[in-house]
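So the structure is just underneath, and the comments pick up after that.
The values are calculated or read from the model by the stated rules, or taken from the named source; none is laboratory data. Bear in mind that the values here come from a model prediction, so they are computed numbers and not experimental data. Backbone-built Cβ (ideal geometry, glycine too); neighbour counts: all protein chains shown.
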Amino acid sequence: MITLLISLLISSPGTMLKDGGLPPMLLNADTVVTQASGGLPAGIGSVLNEVASLPGAVFGLGVIDLSSGERSSKNEDRRFYIDTPDIVNAVVCVERHNSGEFLLDSLIGRDEQLWQLVRLGQQGSREATQALIFHIGGIQQIENWLSRTSHTTTRFEGVSREWEGAPEVLPSYTTVSDCLDYIEIVSNSLDITAVRRMCSNPPLSAELEGALGSSNVVYGWISGRDDTRCINLIISKPDGSRYGVTVLANDLCCVAKADLAFSMIWNAL
């Protein structure tokens, strides 16, 4: 067993975890988890209504069964401010990889591939997220993709950075409906090693780790600052089922309230 765990750690490429612990599952990103057919449980809409009524935040909520495509959502078309548009960067990179336009394993610097820059952004690096915009052709390329794919309720303005004198950046926005689309696009490409590597082991809080447990494989993006939090996760269960969950929260009283919202949804799946 010890030998197996060591081999998994060695085979996981460049994993950068948040301070404070391991991910919900020690994930070898070179291994894809298969999925089984299924559907959303009865009553999931009532759960979303209950979560949306929690005090201390304005919520946009969504869940998708990634095998059947069945969705349920609340406030799905309301625009929510997102602090770091990491999921938008990621999905554009996946689409361009799939079209052969710009491969994720293209070398963009000395010993660095494009997927590794996406990964740094997924782990919370604002500078990497901004640099990624440059490497994929600038904000106009992202805007063109959003327009071409009819995701025009998402507004991408770049990344607000934190060093003194950093340029001001207008807010970026998205919707639950768009985020569920993004999750589905990435999920459909998880058979590609570079895609799994760029979105594996997201920086979960202790509360989210506790909710997800140790038996599920988790991919996705979490960002937020001040009174906003954006959670977009793909979760593969041991039985082969796979779900996507979106929690967009503005006017937050505290981070824990957004994590509670996610936990309530996940416990219903």
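All of S46, S72 fail the test of being under 24 Å from K237 (Cα atoms), at pLDDT 95 or above, surrounded by 18 or more Cβ atoms within 10 Å (Cβ to Cβ) and hydroxyl-bearing (S, T, Y), apart from S72. Pairing each residue of the range 97-120 that is under 15 Å from I133 (Cβ atoms) with any residue that is among the charged types (D, E, K, R), provided the two are 6+ apart or on different chains, yields C-beta distances under 6 Å for F102/R96. Restricting attention to the range 184-229, and to residues there that are under 17 Å from L120 (Cα atoms) and either among the basic types (K, R) or without any contact (Cβ under 8 Å) to a residue 12 or more places away in the chain (or both), which single residue is surrounded by the fewest Cβ atoms within 10 Å (Cβ to Cβ)? Looking at the filtered set, the residue picked out is R196. Taking the numbered list (1) at pLDDT 95 or above; (2) over 21 Å from V47 (Cα atoms); (3) among the small types (G, A, S) in turn, S263 passes all entries but (2).
Residues that are surrounded by fewer than 17 Cβ atoms within 10 Å (Cβ to Cβ) and either within 17 Å of R197 (Cβ to Cβ) or of a type in the set (A, V, I, L, M) (or both) within the range 112-128 comprise just one, E112. The set of residues in the range 102-111 that are surrounded by 13 or more Cβ atoms within 10 Å (Cβ to Cβ) and among the hydrophobic types (A, V, I, L, M, F, W, C) comprises F102, L103, L104, I108.
A residue that is under 23 Å from N201 (Cα atoms) and touching a helix residue (DSSP H, G or I) at 6+ places or on another chain (Cβ under 7 Å) cannot be found anywhere in the range 143-156. One residue stands out in the range 135-156 among those that are within 14 Å of I87 (Cα to Cα) and in contact (Cβ under 8 Å) with a residue 60 or more places away in the chain: the one that is surrounded by the fewest Cβ atoms within 10 Å (Cβ to Cβ), namely R155.
Being outside any loop (DSSP other than H, G, I, E, B) and under 29 Å from I142 (Cα atoms) is a property that D191 lacks. Can you confirm whether S177 is outside any strand (DSSP E or B), of a type in the set (G, A, S), closer than 15 Å to R126 by Cα and touching a residue at least 40 places away in the same chain (Cβ under 8 Å)? Here the answer is no, as S177 does not meet what is asked. Selection of the range 54-84 for residues being part of a loop (DSSP other than H, G, I, E, B), closer than 22 Å to I222 by Cα and of a type outside the set (K, R) yields L54, P55, G56, A57, L66, N75, E76, D77, D83, T84. When the range 85-125 is filtered for residues that are assigned to a loop (DSSP other than H, G, I, E, B) and either small (G, A, S) or under 18 Å from I234 (Cα atoms) (or both), the ones remaining, listed by number, are P85, S99, G100, S106, Q123, G124, S125.
Here is a yes/no grid of residues against (1) modelled with pLDDT of 95 or more; (2) surrounded by fewer than 17 Cβ atoms within 10 Å (Cβ to Cβ); (3) in contact with a Lys or Arg (Cβ under 6 Å, 6 or more places away or on another chain):
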{"residue": "S37", "(1), (2), (3)": "no, yes, no"}
{"residue": "A42", "(1), (2), (3)": "no, yes, no"}
{"residue": "L61", "(1), (2), (3)": "yes, no, yes"}
{"residue": "C93", "(1), (2), (3)": "yes, no, no"}
{"residue": "H97", "(1), (2), (3)": "yes, no, no"}
{"residue": "G100", "(1), (2), (3)": "no, yes, no"}
{"residue": "Q130", "(1), (2), (3)": "no, no, no"}
